[in-house]
Each structure stands twice: as C-alpha cells, then as structure tokens.
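Before any comments, here is the structure.
What follows is calculated from the coordinates using simple rules that are stated; it is not laboratory data. Since this is a predicted model, take the numbers as computed values, not measurements. For neighbour counting, all protein chains shown are included, and Cβ atoms are generated from backbone atoms with ideal geometry for every residue, glycine included.
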Amino acid sequence: MRTIYLDHAATSFPKPPAVGKRMQEYVETVGATVNRSSYGAAQEAGMVALRLRQRLGALFSFPDPAHVVLTPGNTWGLNMLLHGALRPGDHCLVSAMEHNAVMRPLQQMSQHGVRFERVPCDAEGCLDLRALERMLRPDTRLVLLCHASNVSGTVQDAERAGQVCAAHGVPFALDAAQTAGHLPIDFGRLGLAALSVPGHKGLMGPQGIGALILRPDFAAALEPFVSGGTGSASDSEEQPSYMPDRFESGTPNVPGIYGWEAALEYLQGVTVETVAAHDRVLAEQFLDGLQRVPGVVLYGPRTAAGRVGVFSLDFPGKDNAEAAYRLECEYGILTRCGLHCAPSAHKTLGTFPRGSVRLSFGWFTTEEEVGRALEAIAAVSAG
Ligand SMILES: Cc1ncc(COP(=O)(O)O)c(C=O)c1O
C-alpha cells in the first residue's frame, strides 16, 4: 500500500532533493563551522550562512540580512522574542489560537510578573480586531499572533492587526510557523517588529533550524535570551551589541544552514505565489469533496480563502484516534490526531479536550492524493 503523507503542518516531507544532498556534502567534504576560523572551508561555510540570510530577507521583503537571526528552530525563536522583550510588570497580547510554543513561555513568565491576555477569536478561529484594539494598554509591550492556526488553518488579517498596533506604538510580532513558504509575507507591509519562522515546514528545510527576523530598532531593545561565544569580539566577556552576533551564541547548526539554503534556492525557483496557488487548488478540492462525506465535521473556515491547507476533522460517534489509525493502516493516509500542542486553539474552536484528526497539505501533495484521502475519510466515517 502506498503511503500518503498529509502531515505537513508538523513537518514537510519529502524535502527538495538538494536539501539532503547539500547536507551530506557539507558533513563529508566541508565540516568547518561559521564565524570562527579563517581558512577556506570556514569562509565557504560563512558564505552559505550569509546566502541563507539573504534568501530569507528576499522571501520576506526584508532588506537587512544582518537582522535575520538564525535560531535552533521556531520554538527557540519565539522564546528568544518573549523572554527578550518582556519584563516583570509588562503586558503582552496574544490571540486565543496560539500554539504552546507561545503559551508555555508566557505561562512560565507569568509566574515572574509578566501579564498576558488572549484576544478572542470566533468559532472559526478568526481574531476579533476590535477586541485587539480595546485590549491594548499603556503597559502593553508586545502583540504576538499566530499567523495561521496549526489546528484549523485560519489565517489572521496580519496587515490590519499591524495597523492597529502601529497606531498605538506597540511592537507587533508574528509566529509564521504555518504560513512561511505557503503565503507571501511582506515584513514591512505587515508592520512587523519581529517574525519567527521554522526551517522545516513550508520553507522545506531540515529540522533544528529557524529564523527570527528583527526590525533594527526592536532588536536594539531586545535582550539576548542566550549569551556566549560568537567567534567575534573574543577579547570581551560582554555579549556583542552588533547583529546578528548579539543573538547567535554557540556553534550553529551548519548542516542545517546548508540544507535550508538549498531548500530556499528551490523555493525561490518555484516561488511562494505558485505554492500558494497550489495550496488553494488542493484546499478547494478537499473542501468540495468533504461536503459529500456525511458524518464528518470540519472545524475552521469552510472556504479556501482565509486559510492554509491545514484541516481539522471530527468523526462524531467514533474515537478520533481510531479513525486516524484506520486512515493509516487501511488506506496509508498519514495524519495527526489529538490536540496538536494548541489547547487554547481547541478551546476556541470547541474541540477541547476531544481534539481532531488533522490533515495538512504541502507543495509535494498532489490532487490524486487528496482524492484518495477523501475516499478514505468517507470509508472510515461510514464503517
Ligand atoms: C503555529 C505554530 N507555532 C509554533 C510551532 C513550533 O514550531 P517548532 O516545533 O518547529 O519549533 C508550531 C509547530 O508545529 C506551530 O504550528
């Protein structure tokens, strides 16, 4: 039985062939680290890291590669942002649809005097922009939104949210885990102070690497969450003030840098616009097909507009875990079942604590695979 991978919201698979190839080449023939030594191989690795920053800058219409900070992943980037920006007594607004990569640090920080509130979202996960404006306070130091939900695929109107924040002089940040590589994102147009992205989802790179892109004035006020050796200013025990070294302590994930750079070269050839159009075709096909499957409930937006290709389903009267198990064992369809590290989103959608069976599509998902998934869902629902 052929396996159909529909878990791209967790991590994209397969990767463009160049990703593994470049990582292997690096490990077997380059080996040097970045920003430490000055021999040829180390210079080459440094150039690949620079190209990666430049590609990320180009992707998000962000002009300054020095402010593209490479992180060990999106959860790290979000922690760097929250811990670096918020002090005891500060107030932070997030949406009611956040992932635990945001909620757990905030819960932890609330033990030490940071206050946070959730801006309500409707039953499809869509942010109440009026409430956002109402809930801003003089001590609000950050608004951080999940750009698209990893549960329902709901995309927030980040441009309008950015305008609200700008009108009140509050830094605005996005967790673009589910949109980076799937939808065009223009850093300046969204009025962002910070953008955190993982390498391994829509940006098609390996796990263990991500980026935190920082507006220069915001970066200047941000405290490093991790400090240590940077390979620069080694005469000093103080953390460098210049970018990106200020936020990049420790030996980086160089195989990841090579792999991600290759992934972005591929993605730039394809273009994000083409990926977005592909996602939309698949979403329309899936939503249309689902209407003809009785007994399965879809949570989140029912149209392809205002969403990414992440779909949460419920099989009423059945155990969702068993439904996911049957999808795999009987039809080869790989999904994710449960609460997807986002209890707040499930509470908003009314699916807590039952959770959902999540199907998520990527660049390499085909219409034929979506068709097979629909047939399998219908069979599991009926049987
Ligand atoms: C919306 C959202 N935010 C944050 C994360 C955390 O990303 P990572 O696990 O790559 O660090 C995820 C991962 O699924 C996510 O979907």
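Summary of computed values
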{"quantity": "Contour excess over end-to-end distance, with Cα ends at GLU375 and MET1 and 0.36 nm allotted per residue", "calculated": "133.2 nm"}
{"quantity": "Shape of region 251-335, Cα gyration tensor, a/c cut at 1.5", "calculated": "oblate"}
{"quantity": "FRET efficiency estimate (nearest 0.05) - Cβ-Cβ, GLN163 to GLU238, R0 41 angstrom", "calculated": "0.60"}
{"quantity": "Kirkwood estimate for the chain, i.e. one over the average of 1/r between Cα atoms, Å", "calculated": "21.5"}
{"quantity": "Label-point gap, in nm, between ALA123 and ARG302 - each point 7 angstrom along Cα→Cβ", "calculated": "1.0"}
{"quantity": "Region 35-82: relative contact order in percent, alpha carbon pairs under 8 Å with at least 6 residues between", "calculated": "21"}
{"quantity": "Sorted peptide list for 252-259, 352-359, 38-45, criterion being average Cβ within 10 angstrom, highest first", "calculated": "252-259, 352-359, 38-45"}
{"quantity": "The chain, relative contact order [Cα under 8 Å, separation at least 6], %", "calculated": "24"}
{"quantity": "Spin-label model distance (nm) - GLU223 vs ASP319, 7 Å beyond Cα toward Cβ", "calculated": "4.7"}
{"quantity": "Top of GLY338, GLY208, GLY31 by mean-square fluctuation, Gaussian network on the chain, Cα under 10 Å", "calculated": "GLY31"}
{"quantity": "Mean Cβ count within 10 Å, highest first, over the residues of peptides 371-380, 265-274", "calculated": "371-380, 265-274"}
{"quantity": "Cross-link partners of LYS21 among aspartates and glutamates (Cα-Cα below 16 Å; sequence separation of 8 or more within a chain)", "calculated": "GLU261, GLU265"}
{"quantity": "Among THR75, THR29, THR11, residue whose mean-square fluctuation peaks in a GNM of the chain (springs only between Cα atoms under 10 Å)", "calculated": "THR29"}
{"quantity": "Neighbour-count order for ARG51, ARG326, fewest beta carbons within 10 angstrom listed first", "calculated": "ARG51, ARG326"}
{"quantity": "Helical contribution to [θ] at 222 nm, DSSP H n ≥ 4, -39,500 (n - 2.57), averaged over the chain, rounded to 500", "calculated": "-12000 deg cm²/dmol"}
{"quantity": "Rough spin-label spacing in nm, given labels placed 7 Å along Cα→Cβ, for HIS112 and CYS329", "calculated": "4.6"}
